[in-house]
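Read the figures in this text as sums done on the coordinates, not as results from a lab. Since we're looking at a predicted model, the values are computed, not measured. FYI the Cβ positions are ideal-geometry reconstructions off the backbone, even for glycines, and counts take in every protein chain you see.
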Amino acid sequence: MQKLVIRALAVSMAALLTVPAAAATAQSRPGPTAPREFVALRDVDRTILEEMRYTTAHNFIGDPINGYRQPVCILTRPAAEALRRAQRKLLRQGYSLKVYDCYRPQRAVDHFVAWAKDLDDQRMKAEFYPRVDKADLFADGYIAEKSGHSRGGTVDLTIVKLPARPTRPYRPGQELVPCYYPQDQRFPDNSIDMGTGYDCFDTLSHTLDPSITPEQRANRLLLKNTLEEQGFVNLPEEWWHFTHKPELFPDTYFDFPVSRSSLTPRN
């Protein structure tokens, strides 16, 4: 009888000890992580400037975007290495690339879609889509339920003249200026003049729009030609949007967070 009591107590103690351990395991369970083919751009080329807009409130929604936990550019390695080659050529001419967005998790795309369906939220209209009715964002192709960014080979970027000038940060609530205004009037950006600001929902953002000035056209072609030499393909509706071909994951839309921890080596 005594042996049975001792055995029962031992089992009870073991059960009590395993509860905290199980709870700790559940709390430390890792989230989605990136395949090994993904890298941080800064680990491939530290000279490329990064201004990760979706970690801030300065975007067409007006809030930091879901899934952007750190301002880090993540790409597939072939895309990152192609940017390094393009950067080397631009540095010799006194310029640098600057990225605005790289890999984009599906949860961020879902955030865009939910925002686009909320027609009452138009806080950032005056800057990012002043000439577009928000109800037309899907039909006009500005918002979609899937994005090539989620496959890891697409990047939004521009060119900066060196030495790069500092720019003041966006202050929520500040007066907004249309993204198609002349460069000295719209929100300050140390990019060379591309004719519009980044993420400008307007036909003037079309890469070869005939309304831009000769200087703006030359600047866009400098970006386009430099990247095309390294295997990138431009989206004609957005001068800043390029996809490296062939894509490693042409049919996969990832949802791991934009964070250094998503790239932690795994055994």
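Per-structure values
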| item | result |
| --- | --- |
| Whichever residue in region 142-168 is more than 18 Å from the chain's Cα centre (by Cα), of a type outside the set (S, T, N, Q) and part of a loop (DSSP other than H, G, I, E, B) and, among such residues, is surrounded by the most Cβ atoms within 10 Å (Cβ to Cβ) | 162 |
| Cβ pairs under 8 Å, 6+ apart, first in region 132-152 and more than 25 Å from residue 255 (Cα to Cα), second surrounded by 21 or more Cβ atoms within 10 Å (Cβ to Cβ) and aromatic (Phe, Trp, Tyr) | 132/142; 132/201; 140/201 |
| Per-region count, region 184-218, residues more than 22 Å from the chain's Cα centre (by Cα), of a type outside the set (Lys, Arg) and crowded, with 16+ Cβ neighbours inside 10 Å | 3 |
| Count of residues meeting criterion [crowded, with 18+ Cβ neighbours inside 10 Å, among the hydrophobic types (A, V, I, L, M, F, W, C) and in a loop (DSSP other than H, G, I, E, B)] in region 106-131 | 1 |
| Any hit, region 169-176, residues being buried (at least 17 other Cβ atoms within 10 Å of the Cβ) and more than 18 Å from the chain's Cα centre (by Cα) | yes |
| Considering residues of region 217-237 that are touching a Phe, Trp or Tyr at 6+ places or on another chain (Cβ under 9 Å) and part of a loop (DSSP other than H, G, I, E, B) only, the residue farthest from residue 97 (Cα to Cα) | 237 |
| Of all residues in region 43-60 being more than 14 Å from the chain's Cα centre (by Cα) and not hydroxyl-bearing (Ser, Thr, Tyr), the one that is nearest to residue 112 (Cα to Cα) | 48 |
| Residue match in region 161-172 (condition: among the charged types (D, E, K, R), under 26 Å from residue 105 (Cβ atoms) and either in contact with a His (Cβ under 6 Å, 6 or more places away or on another chain) or in contact (Cβ under 8 Å) with a residue 60 or more places away in the chain (or both)) | no |
| Scan of region 34-87 for residues that are β-branched (Val, Ile, Thr) and under 29 Å from residue 120 (Cβ atoms), ordered by number | 55, 56, 61, 65 |
| Filter pass, residue 252 being loosely packed, with under 14 Cβ neighbours inside 10 Å and either more than 19 Å from residue 99 (Cα to Cα) or among the charged types (D, E, K, R) (or both) | yes |
| Given (1) in contact with a Ser or Thr (Cβ under 8 Å, 6 or more places away or on another chain); (2) closer than 23 Å to residue 123 by Cα; (3) part of a loop (DSSP other than H, G, I, E, B), number of the condition residue 249 does not satisfy | (2) |
